[in-house]
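The values are calculated or read from the model by the stated rules, or taken from the named source; none is laboratory data. None of the values given here were measured: they were computed from a predicted structure. We place every Cβ from the backbone using ideal geometry, glycine too, and count neighbours over all the protein chains shown. Note: accessible area is taken over every heavy atom of the protein model, side chains too, but ligands, DNA and RNA are not part of it. Shrake-Rupley method; radii C 1.70, N 1.55, O 1.52, S 1.80 Å.
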Amino acid sequence: MSKMQLWKQRFFYGATDMAGNLIWQIVGLYLLFYYTTVMGISPAFAGTLFFVVRIIDAFDGVVYGFLIDHTHSKFGKARPYFLWFGIPLGILTMLLFFNPSFGGNKVIQLAWVSVVYTLFSLVYSGANTPITAILPSLTKDPDERTNLASARMVMTNIGTAVIGAITLPMVAQLGGKNAEKGWMIWGVIIGIAIIALFLGAFANLREKDDIVAETEDAPEIKGHLSVKDSLKGAAKNKPWLILSASFILLQTFWMMRLQTAVYYLTYVSHQPALVGAFNGLVIVAVIGNVSMPFLSKFMKHRNVMILAMMTFAFGELLMAFKNIPLLFIGNIIALVAMGAAFSIAFVMIADTVEYSRSELHIDEPGILSAVPMVGAKLGMGLAGLISGWLLSWGGFNAAAKVQGAKAVTAIATNFIWVPVVLALVIGGILYLWYQLDESKIASAKAAKEAEKKLSEEDA
């Protein structure tokens with residue numbers, strides 16, 4: 001593959017996650033804020049809605065993974081899902097911020113919000129599960145997989161930086177004094193962008209036939225398993241189980257941090273004008289993205305993640321001092337760490353897929369690659385529930401410009417203390433129990449391929 005083709009593949013692979021994260025970041029950063037301050041929905045209801053929907057769709061990623069494993073089309077196994085679900089996701093993004101008043105009937109309005117949010121979450125999984133599932137099929141070169149994962153996160157963080165920085169100004173510009181109108185127009189713009197990015201990825205990515213054939217020609221490798229056998233195979237994959245638990249915790253604290261950043265700057269630091277600049281700093285996560293391939297050459301993937309978690313916790317603690325320079329310095333450190341963390345997490349998932357093939361002789365990339373989606377959904381549900389109820393416990397009042405001491409404590413707990421604790425827990429889990437050595441697996445695979453090539457030449 002030429003350099004131009006490599007970069008084209010990296011760009012459009014990154015475009016898939018950029019598309020999904022355009023709306024995921026708006027949901028994470030602003031949906032709780034939008035529901036509570038623009039629509040007047042109580043934090044407890046919003047938090048409960050997030051949690052209930054996560055219970056409903058928590059494992060839909062596994063279902064989509066199973067479907068991907070059993071999909072046979074001229075477009076490949078994972079690639080067609082970008083077409084089948086990318087367009088509906090864009091439409092539901094528009095509907096997410098289109099909320100009729102229904103004649104002032106609050107019950108019907110809450111029902112509408114609940115239905116749209118539930119459908120959005122279900123379709124989101126269908127569009128995003130194949131992003132990780134397709135990675136092992138784009139290349140069998142482990143270094144290029146790392147480069148693809150890095151490109152994915154670079155594109156993602158560029159998109160999320162733009163979203164974080166300009167969403168509130170754009171809403172104000174588009175809606176004027178009518179915030180609801182501004183959000184509705186902004187939702188339409190983001191929905192169109194999502195559709196365009198997914199269609200571009202569908203048109204330009206290709207799953208490699210030689211990788212599929214390599215699996216199909218190996219009789220000892222089991223593929224096309226039933227749901228029961230797929231889950232049994234996943235349960236035997238200890239590194240995958242540990243990584244799954246870690247990913248759920250990772251998404252929980254990250255979503256808590258995202259959705260309460262606007263509260264922290266507004267009511268704890270008393271700097272609401274800095275929200276856009278603060279959220280826009282997510283662009284620095286690109287530093288973590290591009291450093292990950294370098295770090296992974298000298299450290300095990302597990303150790304890269306542990307280092308990222310320790311660095312993130314340090315950055316978060318700096319922000320507890322309520323000093324504006326330290327607030328931004330801490331945010332930069334935490335974001336760089338998370339850039340590396342998410343990039344290496346997707347590589348580690350590909351490692352567990354390779355481990356399943358080489359050690360367990362089971363080929364189920366769809367099921368195993370559902371980890372990010374299951375983790376994101378469960379994490380978001382837990383984050384919404386914890387954040388919403390903490391805000392209610394603290395007596396948060398959306399109409400008050402100054403919050404009470406208990407509400408300030410609840411916001412700080414959401415934004416700083418829970419993320420710090422969970423990051424340290426993840427580091428401990430991986431240090432104690434995650435023993436997968438990706439270099440040994442790669443070496444064994446290379447040796448096996450060399451042996452096979454030699455035997456073919458002798459024949």
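Quick notes
- Based on alpha carbons, the Rg and Dmax found for the stretch 64-192 are 18.3, 58 Å.
- Neighbourhood charge, 15 Å Cβ-Cβ cut-off, centred on LEU83 and excluding it, Lys, Arg +1 and Asp, Glu -1: +3
- Amide H contacts of ILE362 (H built 1.01 Å from N, under 5 Å, at least 5 apart or other chain): LYS222, ARG357
- Surface calculation, 1.4 Å probe, protein heavy atoms: GLU180 sits at approximately 70 Å² accessible.
- Cut-off 14 Å between beta-carbons: net charge of the residues surrounding VAL123, Lys and Arg +1, Asp and Glu -1: -1
- Within the shell of other residues whose beta carbon sits under 15 angstrom from the beta carbon of LEU197, the net charge comes to +3, with Lys and Arg scored +1 and Asp and Glu -1.
- Among the listed pairs LYS74/LYS377; LYS322/LYS406; LYS8/LYS74; LYS3/LYS297, those beyond 23 Å (Cα-Cα): LYS74/LYS377
- Taken about its Cα centre, the chain carries a charge dipole of about 1380 debye when Lys and Arg each add +1 at the Cβ and Asp and Glu each add -1 at the Cβ.
- Computed over protein heavy atoms with a 1.4 Å probe, the accessible surface of the stretch 53-136 works out to 37 Å² per residue.
- Cα centroids of the stretch 20-58 and the stretch 166-203: 17 Å apart.
- Debye-sum result for the stretch 1-151 in log10 I(q)/I(0), which assumes one identical scatterer on each alpha carbon, at q = 0.09, 0.18 Å⁻¹: -0.36, -1.08
- Ordering of 328-335, 257-264 by packing [mean C-beta count within 10 Å, highest first]: 257-264, 328-335
- The stretch 397-424 and the stretch 78-151: distance between their alpha carbon centers, rounded to Å: 29
- The listed peptides 276-285, 126-135, 393-402, ordered by packing as a protection proxy, come out as 126-135, 276-285, 393-402 (highest mean of other Cβ atoms within 10 Å first).
- FRET E, pair ALA203, LYS232, Förster distance 45 Å, beta-carbon r, rounded to 0.05: 0.75
- Solvent-accessible area of the chain (1.4 angstrom probe, protein heavy atoms only): carbon and sulfur portion equals 69 percent.
- Once the convex hull of all Cα atoms in the stretch 256-356 is built, its volume per residue stands at 95 Å³.
- Whole-Å semi-axes of the ellipsoid equivalent to the stretch 11-78 (Cα gyration tensor, √5λ, descending): 32, 18, 7
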